[in-house]
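Encoded as C-alpha cells, the structure appears first; notes follow it.
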C-alpha cells in the first residue's frame, strides 16, 4: 500500500506576484532516483508563477524500512516546499531519511526543466 500526502497553498503574496515567471504554470510529474540500487519516488508538483502551490510524493520502495522512510519523507516535505519558489527548493535530510531527499531533488530538477519557458 502506498501513502501519498498532498498539501496545497492558495493566495500567498509570492504566488500572486505580477512579475512574469520563467516557468510555465501547470502540474508536472517526475521520477527521482537515488542510491545504488537505485531507489525512486514520484513527485507531482503544481506551479503557479514559479511557486510550488501543491506537491505530492509517491513512495515506491519494496523493502519495509525503505518504504517507512519514504512515507515519512512524503508526509514531511510538503510543509517545507509549498509556497516556495521552485528555484529555492533543495531538501536535505528529512524525517530520518538521507537518501529520499536526493530523489526528491532530482525530481524537482526535472520539473524545473519541464516547466522552463524556452
Quiz item: Looking at residue 107, is it surrounded by fewer than 21 Cβ atoms within 10 Å (Cβ to Cβ), at pLDDT 95 or above, under 10 Å from the mean Cα position of the chain (by Cα) and closer than 20 Å to residue 24 by Cα?
Solution: no
Quiz item: Is there any pair with a first residue in the stretch 40-51 that is free of Cβ contacts under 8 Å to residues at least 12 places away in the same chain and a second that is assigned to a strand (DSSP E or B) whose Cβ atoms are under 7 Å apart and which are 6 or more apart or on different chains, and what are they?
Solution: none
Exercise. Would you kindly identify the strands (runs of 3 or more DSSP E) lying entirely within the stretch 1-92 that contain at least 3 residues that are at pLDDT below 90?
Key: 5-8
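The values are calculated or read from the model by the stated rules, or taken from the named source; none is laboratory data. Not measured: the values here are computed from a predicted model. Quick reminder, even Gly has a Cβ in these numbers, built from the backbone with ideal geometry, and neighbours come from all protein chains shown.
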